[in-house]
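Below: the structure, in structure tokens.
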Amino acid sequence: MTMSSGKKHIILGVHVLDRMKDAGEVQKLFTKYGAHIKTRLGLHEVRGDFCAPGGIILLEMHGDEAVCRELGTKLQAIDGIEVKEMIFTHPEV
């Protein structure tokens, strides 16, 4: 698959295996890179009074592509965190 020229729309999927252990470190990075996070959506299993220990966070990134990818790299370096990247290219208007 080749990329056409245009604006890249970067989405990071962050899989957190143990929210209690990793939330602090993940949140510090989210705060540091906050100017590059356009949208943040957290997904986790909830049943009655039970919240699953893991979850998925979707980040819609904004701004410099290298900085956006740097956040993904730093998150991935945390033990128990998995990061996947989706890139969509939109034509310039």
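Odds and ends about this structure:
- Heavy-atom accessible area for GLU92, with the other protein chains in place and a 1.4 Å probe, reaches approximately 130 Å².
- Derived scalar couplings between HN and Hα for the range 45-54 equal 6, 10, 9, x, 9, 10, 10, 4, x, x Hz in order, rounded to whole Hz, by the Karplus curve 6.51 cos²θ - 1.76 cosθ + 1.60 (θ = phi - 60°), x for Gly and Pro.
- Rounded FRET efficiency, nearest 0.05, which uses the C-beta distance separating LYS32 from ILE56 and R0 of 25 Å: 0.75
- Cα-based helix-to-principal-axis angle, 65-76 vs the chain, degrees rounded to 10: 20
- Positive-end residue, the range 6-93 charge dipole about Cα centroid, Cβ charges, pick of VAL67, ILE57, LEU43: VAL67
- Taking the C-alpha atoms only, the angle from helix 19-32 to the longest principal axis of the chain is near 30 degrees.
- Dimensions of the range 8-93 based on its C-alpha atoms, expressed as ranges along the principal axes with the largest first, amount to 48, 24, 19 Å.
- Using a cutoff of 8 angstrom between alpha carbon atoms and counting only pairs six or more residues apart, the relative contact order for the chain works out to 48 percent.
- Cβ-Cβ FRET estimate between GLU25 and GLU92, R0 fixed at 30 Å, reported to 0.05: 0.25
- Under 5 Å from the amide H of GLY54 lie the amide H atoms of ARG19, each residue being 5 or more positions distant or on a separate chain, with H modelled from the backbone and absent for Pro and chain starts.
- Top of GLY34, GLY24, GLY48 by mean-square fluctuation, Gaussian network on the chain, Cα under 10 Å: GLY48
- Among the protein heavy atoms, those of HIS15 account for about 70 Å² of accessible surface (1.4 Å probe, every chain in place).
The values are calculated or read from the model by the stated rules, or taken from the named source; none is laboratory data. Everything quoted here is computed from the prediction, not taken from an experiment. Don't worry about glycine lacking a Cβ; one is built from the backbone with ideal geometry, like all the others, and counts go over all protein chains shown. The protein model used for the area step is the full one, side chains on, heavy atoms only, and it has no ligands, DNA or RNA in it. Shrake-Rupley method; radii C 1.70, N 1.55, O 1.52, S 1.80 Å.
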